[in-house]
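Right, one structure below, let's go through it.
The values are calculated or read from the model by the stated rules, or taken from the named source; none is laboratory data. Everything numeric here is computed off the predicted structure, so don't read it as measured data. For neighbour counting, all protein chains shown are included, and Cβ atoms are generated from backbone atoms with ideal geometry for every residue, glycine included.
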Amino acid sequence: MCKETFLRLPEEKRTRILNAAWDEFTTVSFANASINRIIRAAGIPRGSFYQYFEDKDDLFHYLMAQMSEHLNAHYKRLLREADGNLFRSALMNYDRFQSERATLPFDRFISLARINPGMDLEALGRGYHPDKSKMIADFLTEIDKSPFRRQDTPFLTNVCCMVGMCLFGLLMDSMLNPGREAENRQELLEALDILRRGSYSEEALRDAESIDETPLRDAESADETPPRPETMEDITKGGPM
C-alpha cells in the first residue's frame, strides 16, 4: 500500500498521481505498465514516486483497494435500496452495472479486465481490500436476515460469497463478451433462485409463494422456459426465473 508521505500530499497532487496511474494501467497491461510514463504524466520526479510507493506493485495494489472500497460501497447502497434483500440487490447490481458501464469507475474496471487476461479478476473486485473481515461484517449488517433458515455469521457469509461469485463471474463474462448481457442475466436469475431456495427457511418460501402475484416456480414446472423478468422486483417477489 502507499506510504504516509503520499497521504500527506495535497489532494490535488494525490489525484493527479492516481489519475496518471489509472491512465497507464487501463491503457497497457500491468506487465507493460511503466513507472516512467506515470511520473511524466503526473509531473513528479522519479525519486518522489518512491517516497510515495514501494514500486509498481504497491501502486497497483493501492488502486485496487480503492476500487474494492468503491464497489463494496456501491453494493451496500443497492442493498439498502432493496431493503436488505440479498438476491434482489444482486440483480440490481447486475442491471446497474450494465447501465453505468461507460462511467467511472466501471469503465476502468472493464479496461483492467480486458487488457489483463489471466489475471485474478476476482482480486480486481475485492481481493485487495485492506480489511476483508471488516468489509464482510459491514456488508452483513445491511442484509435482511429474517428469511434465512440460519442466521449465524458463517452461514450468511457463505451465502453472500456464493451470490457474489455468481454475480461477479457473470458480470466479468458480460464485460469480456459483449452481446451476452441478456443471457447472463437469465443465468444469474436462475443461480439466485437456486441459492434462495437453499438458504431461505421453508416458511419464508411458503410466504413468498402465497403472497406473490407470480410465485416461485414449482419443481414440476422447472422444464418450462420462463419469460425474462421485466423488472428487478421479480427477484424479491419470487417472479419467474
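Below, the figures for the structure above:
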quantity: Filter result for Arg46 (more than 23 Å from Thr103 (Cα to Cα) and either free of Cβ contacts under 8 Å to residues at least 24 places away in the same chain or assigned by TED's automatic domain parsing to the domain that holds Leu140 (or both)); calculated: yes
quantity: Cross-chain or 6+ apart pairs with Cβ under 7 Å, the stretch 1-12 first and assigned to a helix (DSSP H, G or I), then of a type in the set (Lys, Arg) and surrounded by 12 or more Cβ atoms within 10 Å (Cβ to Cβ); calculated: Phe6/Arg14
quantity: Selection from the stretch 165-183 of residues that are surrounded by 14 or more Cβ atoms within 10 Å (Cβ to Cβ) and in contact (Cβ under 8 Å) with a residue 40 or more places away in the chain; calculated: Cys166, Leu167, Phe168, Leu170, Leu171, Met172, Ser174, Met175, Glu181
quantity: Given (1) in a helix (DSSP H, G or I); (2) not assigned by TED's automatic domain parsing to the domain that holds Met119, number of the condition Ala33 does not satisfy; calculated: (1)
quantity: Hits in the stretch 177-233 - residues which are more than 18 Å from Leu156 (Cβ to Cβ), at pLDDT 80 or above and either not assigned by TED's automatic domain parsing to the domain that holds Val159 or not in a helix (DSSP H, G or I) (or both); calculated: Asn177, Pro178, Gly179, Arg180
quantity: Evaluation of Thr103 against (1) surrounded by fewer than 16 Cβ atoms within 10 Å (Cβ to Cβ); (2) of a type outside the set (Phe, Trp, Tyr); (3) outside any helix (DSSP H, G or I); (4) not assigned by TED's automatic domain parsing to the domain that holds Leu156 (one fails), failing number; calculated: (4)
quantity: Unique residue being over 30 Å from Ser146 (Cα atoms) and surrounded by fewer than 16 Cβ atoms within 10 Å (Cβ to Cβ) when the list is Glu81, Glu4, Glu24; calculated: Glu4
